[in-house]
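The values are calculated or read from the model by the stated rules, or taken from the named source; none is laboratory data. Computed from a predicted structure; not experimentally measured. Neighbour counts run over all protein chains shown; Cβ positions are idealised from the backbone, glycine included. SASA here: full protein model, heavy atoms, side chains in, ligands and nucleic acids out. Shrake-Rupley method; radii C 1.70, N 1.55, O 1.52, S 1.80 Å.
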Amino acid sequence: MAACVGVKTARVDSYAFAFGAGIAGLVLRAVADRNVGPDLGQSYIIDSFMAVVLGGVGQTRRYG
């Protein structure tokens with residue numbers, strides 16, 4: 001629909017990708033300032049697993 005009203009969707013896609021890559025770079029820089037090791041994400045693993053279990057793997061739409 002955006003393309004139908006004259007929005008250049010390829011440009012918007014490029015800007016969104018660049019913005020996301022920039023934020024990822026800033027986060028990587030912030031993480032790299034700390035001690036990087038094999039146990040870097042260990043404190044988040046249980047919370048992430050519980051979010052997947054409670055949210056359901058691949059369940060983005062309800063049928064029924």
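Odds and ends about this structure:
- Residues satisfying the stated conditions in the range 1-14, i.e. loosely packed, with under 10 Cβ neighbours inside 10 Å and not β-branched (Val, Ile, Thr): Met1, Ala2, Cys4, Gly6, Ala10, Arg11
- In the range 45-64, residue farthest from the chain's Cα centre (by Cα) [restricted to those that are open to solvent by 90 Å² or more (accessible area, probe 1.4 Å) and at pLDDT below 80]: Gly64
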